[in-house]
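The values are calculated or read from the model by the stated rules, or taken from the named source; none is laboratory data. All of these numbers come straight from a predicted model, not from anything done at the bench. All Cβ positions, glycine included, derive from the backbone under ideal geometry; neighbour counts span all protein chains shown. Just so you know, the surface numbers come from the protein's heavy atoms only, side chains and all, with ligands and any DNA or RNA stripped out. Shrake-Rupley method; radii C 1.70, N 1.55, O 1.52, S 1.80 Å.
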Amino acid sequence: MCLIVFAWRPDHAQPLVVAANRDEFHARPSLPLDCWEDAPWIIGGRDLQAGGTWMGVTARGRFAALTNIRAPGQAIGPRSRGELPEQYLRGNLPPADYLAELVERRGDYAGFNLLVGDRRALWYLNSHDGQPQALQPGVYGLSNAGLDTPWPKLRKARAALADALDQAEPERLLALLADAEPAAEHELPQTGVPLEWERRLSSVFIASAEYGTRASTALIRHADGSLDIVERSFGPDGPLNEVRYRQPPRD
């Protein structure tokens, strides 16, 4: 997952609204959004190369999402980052306790950002600073640096999400995720990759033959416990399929 914009509003009728693009090499195999066969309470996509997921939820309100940290030359950890959301979603630890435990072993993974939450709290960890943070109500953006690092695509997507919150619905969230316009050259961040890649990675939606946006996901959690998720999958030649998941209100 390489771009996540989200609104956390625990006292609102829509406490959690998420729009996220997963960017990855097209050759890396994965499964689209679904209930997992071996853990049917988890709803999310699944990486078939190393296991784990980039984003998922549970029927009882747990949520986790992951991005990597773009730092060319960083050490590759012995464990896959995709297991971090999976471990949280499979478990029962509160978000704060899970991140407190993870801090001690974060060196097992290449650099990552991790969001974990439930119906009461949403927490964030950047593995480079190792300081778990409880998020206050607000609108946030996360890409491949720190939380709210002002890359052009993050600023654009976060502003579009804020504008959509008056009537948040999956189609509006998916529309903002489809923006393929690259940033102006003078706005490009310098993240240690070649200029051609900086241009390619600067758009909200990335399209290229080898690497690009593989999935766009709109997620809305409602105060009554109901959940709406729409995921659109893409290949190098364009759209592949669309999955819609609806969880009814909980008692």
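Annotations for the structure displayed:
- Where trypsin sites (Lys or Arg not before Pro) in DSSP loops with at most 11 other Cβ within 10 Å are excluded, longest remaining stretch of the chain: 121-251
- The stretch 171-251: GluC sites (Glu not before Pro) falling in loop per DSSP and having at most 11 other Cβ within 10 Å: Glu210
- Kirkwood Rh (inverse of mean 1/r, distinct Cα pairs), the stretch 137-177, angstrom: 10.7 Å
- Estimated from helices alone, the mean residue ellipticity of the chain at 222 nm is -5000 deg cm²/dmol (sum of -39500 (n - 2.57) over DSSP H runs with n ≥ 4, per residue).
- Expressed as a whole percent, the accessible area of the chain that falls on carbon and sulfur atoms is 51 (1.4 Å probe).
- Most fluctuating residue given options His12, His186, His222, as computed from a GNM of the chain linking Cα atoms under 10 Å: His186
- Ellipsoid fit via the Cα gyration tensor, the stretch 102-251: semi-axes of 26, 23, 16 Å, each the root of five times an eigenvalue, largest first.
- The mean of 1/r over all distinct Cα pairs in the stretch 192-246, once inverted, gives the Kirkwood hydrodynamic radius of 13.1 Å.
- Distance from the C-alpha centroid of the stretch 223-251 to that of the stretch 110-143: 23 Å, rounded to the whole angstrom.
- Ratio of Rg to Rh over the stretch 84-134 (Cα coordinates, Kirkwood Rh, two decimals): 0.92
- Ratio Rg/Rh, restricted to the chain and using Cα atoms, in which Rh is the Kirkwood radius: 0.93
- Unit charges at the beta carbon, dipole of the chain: most positive-side option, Asn241, Leu48, Trp36: Trp36
- Under a model in which nothing but the beta-carbon of Lys, Arg (+1) and Asp, Glu (-1) is charged, the chain shows a dipole of about 260 debye around its Cα centre.
- Mean-square fluctuations from a GNM of the chain, with a 10 angstrom spring cutoff on Cα atoms, peak among Tyr140, Tyr124, Tyr98 at Tyr98.
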